[in-house]
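Chemist: One structure follows; several queries about it will come next.
The values are calculated or read from the model by the stated rules, or taken from the named source; none is laboratory data. In this text, all values refer to a predicted model and were calculated from it rather than measured experimentally. Positions of Cβ are backbone-derived with ideal geometry, glycine not excepted, and every protein chain shown enters the neighbour counts. Remember, those area values only see protein heavy atoms, side chains included, never the ligands or the DNA or RNA. Shrake-Rupley method; radii C 1.70, N 1.55, O 1.52, S 1.80 Å.
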Amino acid sequence: LVPLPPEYGETLEWQWNEVAIPYWTDEAAFARETGLSKIALEAHPGFLVYNPETVLRLREAAGPEIGANFDPSHFVWQGIDPLVAVRTLGKAGAIFHVHAKDVYLDRSNISVNGVLDTKHYGRFAERSWSFRSVGYGQDEKFWRDFVSALRIAGYDGVLSIEHEDGLVSIDEGLAKAVEVLQRVLLRELPGEM
C-alpha cells in the first residue's frame with residue numbers, strides 16, 4: 001500500500017487495529033492458556049505481516065507468542081537483506097521456524113517491472129522473481145552466512161526445505177537443497193561431522 005490516497009492508510013490502520021491485532025491477541029491468549037508458546041506467522045508480501053517491522057508490530061501488540069516463520073526468499077525479492085532481518089527478529093526472540101527456500105531474481109525484468117511482480121508462476125521468463133530450490137537462486141556463501149546469522153541470533157531449530165520451484169521436479173529440488181544445505185551445515189559445524 002502507498003500513503004496516497006489517504007484512504008489507503010486509513011484502511012490499513014483499520015485492518016491492523018480493528019481486525020488483526022484483536023484477532024491475534026485472542027489467539028495469543030488462547031495459546032498461553034493451552035500451553036502453546038509459539039505461533040509462527042509467515043511474513044509474505046501481500047499479507048498484512050510481510051517484513052520484520054510488521055512481525056514486530058503484531059508481536060508487540062498481541063504478545064510474545066507471536067513470531068516469524070522466517071522464509072528468506074520472501075525477503076530477498078522485496079530487497080530486504082535476510083541477514084539483517086534475522087538479526088532484527090533474533091534480538092526480539094521472534095524467529096520460531098525457518099524455511100529453506102530460494103528465489104531467483106531476473107535483473108532484466110526487475111529493471112522494467114520492479115520487484116512487485118504478480119505474473120503467474122508459469123510465466124518464468126517474464127517474471128521479476130521466481131521461487132527456486134535452495135542453490136538455484138542465491139549462492140552457497142549466502143546460505144552459509146544465513147545459517148551463521150541464525151545461530152548468532154540464537155535460532156537452533158529446524159530448517160524446513162520448502163519446494164515451490166516450477167522449473168525442477170520435487171525430487172531434483174529436494175536433492176539440490178539437501179546437497180547445498182549439507183555442505184553448508186557440515187562446514188558450519190566441522191566438529192560435529
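Chemist: Pop out the ³J(HN,Hα) list for the range 82-97 in order, Karplus 6.51 cos²θ - 1.76 cosθ + 1.60 with θ = phi - 60°, rounded to Hz; leave Gly and Pro as x.
Modeler: Computed from phi, the couplings for the range 82-97 are x, 5, 5, 4, 4, 4, 5, 6, x, 4, 8, x, 9, 9, 9, 7 Hz.
Chemist: I've got another one for you. For a quick check, take a GNM of the chain with Cα springs below 10 Å and name the residue from Trp16, Trp143, Trp129 with the largest mean-square fluctuation.
Modeler: Trp16
Chemist: Can you return the lysines within cross-link range of Lys141? Criterion is Cα-Cα under 24 Å, with same-chain partners fewer than 8 residues away left out.
Modeler: Answer for Lys141, where 24 Å is the Cα cut-off: Lys91, Lys101, Lys176, listed by chain and number.
Chemist: Using a 1.4 Å probe and counting only protein heavy atoms, arrange Ile21, Ile66 so the residue with the most accessible area comes first.
Modeler: The ranking, largest first, comes out as Ile21, Ile66.
Chemist: Distance between Cα centroids, the range 106-162 to the range 1-80: provide it in whole Å.
Modeler: First find each Cα centre; the distance between them is then 21 Å.
Chemist: Can you tell me, using C-alpha contacts under 8 Å and at least 6 residues apart, the relative contact order of the range 13-68 as a whole percent?
Modeler: RCO, the range 13-68: 40 percent.
Chemist: For a quick check, take a GNM of the chain with Cα springs below 10 Å and name the residue from Ser148, Ser128, Ser169 with the largest mean-square fluctuation.
Modeler: Ser169
Chemist: Who wins for biggest fluctuation among Val168, Val55, Val86 in a Gaussian network model of the chain, springs between alpha carbons below 10 Å?
Modeler: In the Gaussian network model the winner is Val168.
Chemist: Scattering from the C-alpha atoms of the chain alone, worked out with Debye: what is log10 I(q)/I(0) at q = 0.12, 0.19, 0.20 1/Å?
Modeler: Reported log10 I(q)/I(0), two decimals: -0.67, -1.32, -1.38.
Chemist: Report the relative contact order of the chain, percent, no decimals, based on alpha-carbon pairs under 8 angstrom and at least 6 residues apart.
Modeler: Computed value for the chain: 16 percent relative contact order.
Chemist: List the trypsin sites (Lys or Arg not before Pro) within the range 5-108 that DSSP assigns to loop and that have no more than 10 neighbouring Cβ atoms inside 10 Å.
Modeler: Loop-located and lightly packed - none at all.
Chemist: Would you mind getting the accessible area per residue of the chain, heavy atoms of the protein chains only, 1.4 Å probe, in Å²?
Modeler: 55 Å²
Chemist: With a cut-off of at most 14 other beta carbons within 10 Å, and DSSP calling the residue loop, which chymotrypsin sites (Phe, Trp or Tyr not before Pro) in the range 41-113 qualify? Please list them. Before the final figure, lay out the partial values.
Modeler: Working: sites: Phe47, Tyr50, Phe70, Phe75, Trp77, Phe96, Tyr104; in loops: Phe47, Tyr50, Trp77.
When the chymotrypsin sites (Phe, Trp or Tyr not before Pro) of the range 41-113 are filtered for loop state and at most 14 Cβ neighbours within 10 Å, Phe47 remain.
Chemist: So how many Å³ per residue does the convex hull of the Cα atoms of the range 18-115 work out to?
Modeler: 90 Å³
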